[in-house]
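Since the structure comes first, as structure tokens, the remarks are kept for the end.
The values are calculated or read from the model by the stated rules, or taken from the named source; none is laboratory data. Owing to the predicted nature of the structure, the values given are computational and were not obtained by experimental measurement. Here the Cβ positions follow ideal geometry from the backbone for every residue, glycine too, while neighbour counts run over all protein chains shown. The protein model used for the area step is the full one, side chains on, heavy atoms only, and it has no ligands, DNA or RNA in it. Shrake-Rupley method; radii C 1.70, N 1.55, O 1.52, S 1.80 Å.
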Amino acid sequence: MKPVKFQGADLYPALLDEAAQKEIVADIRAVTEAAPPQRFETRRGRRLSVAMTSAGRVGWISDRAGYRYAPTRPDGRPWPEIPDSVLAVWRRVVGEDRLPDSCLVNFYAEGARMGLHQDRDEGDFSWPVVSISLGDDALFRVGGVERPAPSRSVWLRSGDVVVLGGASRLAFHGIDRIRFGSSRLLEGGGRLNLTLRVVERA
Ligand code: MD3
Ligand code: FE
């Protein structure tokens, strides 16, 4: 399948059919039952509107000490494994040479958003970040590597996959809003976004 270029990223619209989406949602439900998503606190004491958890050898956490990748959850237990159905997406769009260390699970309830930011806490930027959208539509914005660069927006829909490599790997990006209730994939609505990352240096 051939991707569409979007601000230097590769967008694969509807890469995942409904059966593949449902399989991933079922596997992620097992992850979120073991490691429930939480709205982390920032260093400034604000709570993020997106609820997050992770799978893999390391997971993303945030608290009053700042944000970082951690080998254990805030309760000290390990993160669940990344499901094979999710790794299969990475294999399709990136390949077999390296698999991701971490799968960040972002859950957007009604009204949740993610402000413009860069992802630069990973140890190796030569590998792309793979983003999988499930559930409600989301307005995704990507700018340049410098914050003032102009940004462009696109609606991401359930089953879309974005590969952020090359120059786009360090681009500013965020989710302005979701269209709550636009998809029936998730019981109760909302949006799940999975991002697969190589965190540890080779
Ligand atoms: C561009 N998540 O978890 S996915 C994040 O839909 C994050 O939940 C958004 O930004 C979401 O950090 C956007 C698309 C995405 C993910 C990682 C990137 C875009 C990216 C890393 C570098 C550049
Ligand atoms: Fe990000």
Consider ASP121 against the criteria (1) open to solvent by 60 Å² or more (accessible area, probe 1.4 Å); (2) not in a loop (DSSP other than H, G, I, E, B): it satisfies all of them except one. Which criterion is unmet? (2)
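In region 161-201, how many residues are part of a loop (DSSP other than H, G, I, E, B) and either crowded, with 23+ Cβ neighbours inside 10 Å or hydrophobic (A, V, I, L, M, F, W, C) (or both)? Lay out the reasoning, then the answer.
So in region 161-201, the residues part of a loop (DSSP other than H, G, I, E, B) come out as 165, 171-172, 179-190, 198-201.
Then drop every residue that is not either crowded, with 23+ Cβ neighbours inside 10 Å or hydrophobic (A, V, I, L, M, F, W, C) (or both), which leaves 171-172, 180, 185-186, 198-199.
Here the count works out to 7.
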By residue number, the members of region 9-63 that are in contact with a helix residue (DSSP H, G or I) (Cβ under 6 Å, 6 or more places away or on another chain) and in a helix (DSSP H, G or I) are GLU23, ILE24, ASP27
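Please find, within region 31-43, the residue that is surrounded by the most Cβ atoms within 10 Å (Cβ to Cβ) out of those that are under 17 Å from the mean Cα position of the chain (by Cα) and either modelled with pLDDT under 95 or within 18 Å of LEU134 (Cα to Cα) (or both). Quick ask: steps written out before the conclusion?
Narrowing region 31-43 to residues under 17 Å from the mean Cα position of the chain (by Cα): 31-32, 35-40.
Okay, now just the ones that are also either modelled with pLDDT under 95 or within 18 Å of LEU134 (Cα to Cα) (or both), so 31-32, 36-37.
Working: VAL31: 23, THR32: 16, PRO36: 11, PRO37: 18.
So, considering only residues that are under 17 Å from the mean Cα position of the chain (by Cα) and either modelled with pLDDT under 95 or within 18 Å of LEU134 (Cα to Cα) (or both), the one surrounded by the most Cβ atoms within 10 Å (Cβ to Cβ) is VAL31.
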Need pairs with beta-carbon distance below 7 Å; first residue within 15 Å of ligand 1 (Cβ to nearest atom) and within region 4-26, second open to solvent by 40 Å² or more (accessible area, probe 1.4 Å) and among the acidic types (Asp, Glu); sequence gap 6+ or separate chains. none
Return yes when PRO100 is at pLDDT 95 or above, in contact with a Leu (Cβ under 9 Å, 6 or more places away or on another chain), open to solvent by less than 30 Å² (accessible area, probe 1.4 Å) and over 25 Å from PRO36 (Cα atoms) and no when it is not. no
For residues that are of a type in the set (A, V, I, L, M) and over 27 Å from GLU200 (Cα atoms), scanning just region 111-151, find the one that is nearest to ligand 1 (Cβ to nearest atom). ALA138
For region 64-91, enumerate the residues that are open to solvent by 80 Å² or more (accessible area, probe 1.4 Å), farther than 16 Å from THR53 by Cα and part of a loop (DSSP other than H, G, I, E, B). ARG64
Just to be sure I understand, how many residues within region 145-160 are more than 14 Å from ligand 2 (Cβ to nearest atom) and either outside any loop (DSSP other than H, G, I, E, B) or in contact with a His (Cβ under 7 Å, 6 or more places away or on another chain) (or both)? 4
Which residue pairs have Cβ atoms closer than 7 Å, lie 6 or more positions apart in sequence or on different chains, and pair a first residue in region 102-130 that is among the basic types (Lys, Arg) with a second residue that is surrounded by fewer than 22 Cβ atoms within 10 Å (Cβ to Cβ)? ARG113/SER49; ARG113/ASP176; ARG113/ARG177; ARG120/LEU170
State whether the residues of region 163-177 include one that is under 21 Å from TRP90 (Cα atoms), at pLDDT below 95 and within 8 Å of ligand 1 (Cβ to nearest atom). yes
